Structures are given as C-alpha cells and as structure tokens.
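Reading through the structure tokens given below for one structure.
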Amino acid sequence: MKFQYYFKYIIFLLLFSNVALSNDKLDLKVKKLTLELRCMTCQNQSVYDSDSDFAKDIKNLVNDKFKEGLNEKEIKLFLTERYGEYILFKPYFNIKNVLLWLFPFILLLFSMVFFIKNLKKN
C-alpha cells in the first residue's frame with residue numbers, strides 16, 4: 001500500500017516538474033524575443049522592459065504564437081507585417097535597408113579619404 005502511495009507521488013512530481021520546465025523554457029523564449037522588440041508606445045524601450053498595455057499585449061501575443069508552434073523568425077515576420085520594421089531593434093538586412101546598414105562604413109571611408117587628402121596637402 002505504501003508503495004502505491006509513493007509511486008503516485010513520484011509520478012505527480014515528475015509530471016509537475018515537466019510542466020514547470022516546459023513553462024520555464026517558454027518564458028525564456030518569450031523573454032529573449034521580447035527583448036528584441038521595441039515598444040511602440042515607449043521611448044526606445046524593449047517590450048520586455050515596458051509596463052505599457054501595448055507591451056503586455058505583445059508579450060501575450062508572442063506567448064500564444066509560441067504555443068501555436070511558430071518559431072522566432074515566423075513571429076518576427078508576423079509582427080513586422082502588422083507593425084512595420086520599426087518594432088524590431090535590429091532591422092532586417094534587405095534591399096530597403098542596405099543604406100542603413102552600410103552608411104557607417106561609407107561615412108568612415110569618406111572620412112578616411114578626406115583625412116588622407118588633407119594630410120597630403122600639408
């Protein structure tokens with residue numbers, strides 16, 4: 001009789017710990033993704049760090065999408081279709097954003113050319 005009691009207790013603990021571990025994994029995935037998303041109502045604050053209603057809605061939406069089986073990339077695509085690329089702290093590298101990504105290097109190159117040109121004059 002004691003064995004059955006302990007067996008049921010062990011089974012319950014195993015099931016509960018498995019659920020707790022899966023919830024922890026889901027929470028970590030939601031945290032990781034929401035740290036990469038910009039809150040649209042706050043001043044450059046991540047969705048994870050914000051306490052606004054918009055941020056709470058996005059956290060719930062991301063959580064639901066992970067539960068539906070979508071991966072991080074699919075959720076980002078869904079959110080950018082809905083809110084635009086401004087919601088991402090790190091925009092996509094595509095033809096629309098190539099100048100944004102290359103501008104620092106172009107500026108550095110022009111600055112170096114200008115600096116070298118001025119050195120040669122002197």
So for PHE114, PHE103, PHE54, what's the accessible-area order with a 1.4 Å probe, most first?
PHE114, PHE103, PHE54
Sorted by accessible surface (1.4 Å probe, heavy atoms of the protein chains only), largest first, PHE115, PHE89 come out as PHE115, PHE89
What length, rounded to one decimal in nm, is gained on full extension from LEU107 through to ARG82, with 0.36 nm per residue of separation minus their alpha-carbon distance?
5.7 nm
With a 1.4 Å probe and all protein chains kept in place, how much accessible area does THR41 have, in Å² rounded to the nearest 10?
90
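Would you list LYS56, LYS25 from the most to the least accessible area, probe 1.4 Å?
LYS25, LYS56
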Restraint check, LYS76/LYS96; LYS56/LYS96; LYS32/LYS67; LYS25/LYS59, Cα-Cα greater than 19 Å:
LYS56/LYS96
Any idea what % of Cα-Cα pairs in region 21-90 are farther than 21 Å?
15
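The values are calculated or read from the model by the stated rules, or taken from the named source; none is laboratory data. The structure displayed is predicted, hence computed values, not measured ones. Ligands, DNA and RNA are stripped out before the accessible areas are found, and what is left, the full protein with its side chains, is counted by its heavy atoms. Shrake-Rupley method; radii C 1.70, N 1.55, O 1.52, S 1.80 Å.
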